[in-house]
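Chemist: Here it is: the structure, laid out below.
Any read-out appearing in this document is the output of simple, stated calculations on the displayed coordinates, not a laboratory observation. Keep in mind the model is a prediction, meaning the values are calculated, not measured.
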Amino acid sequence: MSHFPSVADPALVIATARSWLGTPYHDQASLRGVGCDCLGLARGVWREVVGDELFPIPPYSRDWGETGPREVLADGARTMMPEITVADAKPGALVLFRIGLSTAPTRAIAKHVGILTAPDHFIHAYERLGVIEETLTPSWRRRIAFAFLFPKS
């Protein structure tokens, strides 16, 4: 974590994420009130809390990363954000979920993104629902694979 001298105020991260509530779901978009997917939500919060995005996100398909050896989202996040243990993830943390067809979540690639807003709630963009805040149920909680903090701008 040495190249991340400080992290963003969690209350600012949460307030910013909540300002995206109600944004419709739209693949690969990242415009508050217009449309976003889960990664677009994280990108939008980054722009508002940290500043300009560090690199463009290449186009991706809906089924990217269903399986495979490489954790693309986690690898990308590590280049920009301090990683913390899942056990240390508190409100304001960005969490990556393993979502897949596998019956064992540890075999799926982490490809869904959310932001913790309370010990038992998170915000994410979900297909057909848009950006919502919901309970971090045991089913969601067991799928968290990685956690990161937004750096201070």
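Chemist: Multiply the residue gap between Arg18 and Glu127 by 0.36 nm, knock off their C-alpha separation, and tell me the result in nm, one decimal place.
Modeler: So the extension gain works out to 37.5 nm.
Chemist: Could you give me the radius of gyration and the Dmax of region 69-153, taking only the C-alpha atoms into account and expressing both in angstrom?
Modeler: 12.4, 40
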